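None of the figures in this text is laboratory data; all of them are computed from the coordinates on show. As the structure is a computational prediction, the values presented were derived from the model and not from experiment.
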Amino acid sequence: MSTIINICFIILGLLILIFVESLTGKNIILFIPPTSFPKLAGIGMILFALLSLIKDKNEGLLRGYIIQNLKISKHRLKFVLLIVFYYFLILWIGFILSTTIVMVIYLRLTGEKKLNLIIIPLITVISIYVFFHIIMEVQLPSGFFR
């Protein structure tokens, strides 16, 4: 299972590196172009996935172990469906609302306390918005609020 996930991360990292070139603009605050962080994230995803693949190969996971033990737990399936739901939701209602909704659903699925269902998503969304939109000047999806 981890080999499949690592290959997906390598592909995602490559896609990030390819599509990040379409971003333009200058960051006046830090003198860092907005493409720096996505490029760094893409390179990091590729490197860590490759390192994990090498580790898995040494442990024998590439020799048929995956095929014999390919079982998807209900929790993982819910998480994957939640990510797909998030993808469509972020296009429709934008980053702020969709991220808050998906985080609340995920925290509820993991059994978090009711107080954390409000505090964690709010702090996370505000932090990401300030860092990316205000400091790094990266445009976040706004959905139908344009």
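Just a few scattered comments:
- Full-extension gain in nm, residue 108 to residue 81, via 0.36 nm per residue minus C-alpha separation: 8.2 nm
- Applying a threshold of 28 Å to the alpha-carbon distances of 78/113; 39/74; 39/113 flags 39/74; 39/113 as lying beyond it.
- With the biggest extent put first, the Cα atoms of segment 72-146 measure 38, 26, 19 Å across the principal axes.
- Stretched out straight at 0.36 nm per residue, the stretch from residue 14 to residue 129 would grow longer than its current Cα-Cα span by 38.9 nm.
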